[in-house]
Amino acid sequence: MGGVSETFVSLEIEVPSQTRYLRLVGTIVEQIAREAIASNGDRGTLACHLNLVLTEAVANAIQHGVPSDSKNTIRIYLSLEDKDLCLRVYDGGQGFDLSAVPTPDFAELTERGRGIFFIRSFMDSVEYRKAERGNVLEMHKRLA
């Protein structure tokens, strides 16, 4: 193939900062995983994990990254080149220290605090940093 990428997808999505769009963005990444990723493993499981990761990241951006009285949007960038998947979720909030987020206590019945745990568990690398006009949560997954 002379250095040409096996698979290339690049997609930028901007949605209102409302939770009703969570299913849409999760479904988009899940469908890309099902259609474009030639995984040696269980493609369905991978697709569901990616749906959960992106849904949690966008939900966090909506809940913590946008003022509640705002009509802001959440920007999502997805790229897939060969077997490298990159997901970025941009927010306009104050930001937080990703390394300070503890592992949740699964003995408690609360659902809070599990999103970052799942994101870290399913992705190979996760970084949260300042970006132009806010912050970005950048997640990478090497697909087998």
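So for Glu14, Glu81, Glu138, Glu132, fewest C-beta neighbours within 10 Å to most, what's the order?
With the fewest neighbours first, Glu14, Glu81, Glu138, Glu132 line up as Glu132, Glu14, Glu81, Glu138.
With a 10 Å Cβ neighbour count serving as the proxy for reagent exposure, in which order, fewest first, do Arg129, Arg88 appear?
The order, fewest Cβ neighbours first, is Arg129, Arg88.
Measure off 7 Å from each Cα along the Cα-to-Cβ vector at Arg142 and Asp42, then give the distance between these two points in nanometres to one decimal.
That separation, rounded to one decimal, is 2.3 nm.
Computed from the coordinates by the stated procedures, all read-outs in this text should not be read as laboratory data. Predicted, not measured: the structure shown is a model, and the values here were computed from it. Note that each Cβ is placed from the backbone with ideal geometry, even for glycine, and that neighbours are counted across all protein chains shown.
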